[in-house]
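Trainee: Would you mind keeping the following structure in view while I ask a few things?
The values are calculated or read from the model by the stated rules, or taken from the named source; none is laboratory data. Quick caveat: nothing in here was measured; it's all calculated off a predicted structure. Because the Cβ atoms are built from the backbone with ideal geometry, glycine has one as well, and the counts that use them run over all protein chains shown.
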Amino acid sequence: MMRKALLMSLLLVSPLFAAPQRQNWIEILVDGVPRPEFFARGNIYVEALKGKEYEIRIRNPYPVRVAVALSVDGLNTIDARHTDAGSARKWVLDPYQTITISGWQTSQQEAKRFFFTNESKSYGAWLGQTENLGIISAAFFRERAPKIVYRDRQPMSQNAPAGAPRENKDARAESSMRRDDDLAATGIGRGVDHPVTQVWLDLESSPAAMVNVRYEYRAALVSLGVFPRPQYRDPMQRREQASGFCPVP
């Protein structure tokens, strides 16, 4: 039986524990395999693969429950809203639990898959929210007391529209001014079963930690200096050095 994911939205209070090292708190998965991470310019980068679906794996490193505000391209993965981390709806993880989020939650039973695309075809462009494309952010809020105060099993309001994105005039105009095919963003894809249950927790007032992962296509990572530039050899120089026979051994 599939275990329902938990999501919530209430908070309060002060720190309890020292933060552990932030290794593998969130990972970007393609075909179930974590994408390699590259550290440069003070950021964490992963290489996006155009057209590929991806998932986000979140790990709770604390001995208490946490609520994680998770956004993709600045949009909350639960309701697609652009808010501060404190007021955002959050995913709830038990102590040391790991969960995998495969898309934006569009109802209490279904999510729409994440996939890498360009800016003009992104979910953010469809919603007119293009200021924060290319970043995945997670804010970890610890529970003050490991106790469920209230459980609500009523259907979740469907704030995120479902279906195929429609073309956005502003996105068309913006893409005409630059080659956005070279810039990665996230689309809203096919629907998958992802049942959730809403709970209410008493949280610390500030996040215990925040983790950002930036994603770009290879050409952009080369341009940023994250990847080395490929060595270019003049084809005429190669041709001029060609010989008709193999050298004598």
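Trainee: When you scan the stretch 158-167, do you find a residue that is closer than 25 Å to L75 by Cβ, under 19 Å from the mean Cα position of the chain (by Cα), modelled with pLDDT of 60 or more and not β-branched (V, I, T), even just one?
Mentor: No; the residues of the stretch 158-167 include none that is closer than 25 Å to L75 by Cβ, under 19 Å from the mean Cα position of the chain (by Cα), modelled with pLDDT of 60 or more and not β-branched (V, I, T).
To keep it simple, each residue is scored yes or no on (1) of a type in the set (S, T, N, Q); (2) in a helix (DSSP H, G or I); (3) surrounded by 15 or more Cβ atoms within 10 Å (Cβ to Cβ); (4) at pLDDT 80 or above.
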| site | (1), (2), (3), (4) |
| --- | --- |
| Q154 | yes, no, no, no |
| Q198 | yes, no, yes, yes |
| S205 | yes, no, no, yes |
| N212 | yes, no, no, yes |
| V248 | no, no, no, no |
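Trainee: Right, something else. Counting only residues that are at pLDDT 85 or above and either part of a helix (DSSP H, G or I) or within 30 Å of Q108 (Cα to Cα) (or both), how many does the stretch 214-242 have?
Mentor: 9
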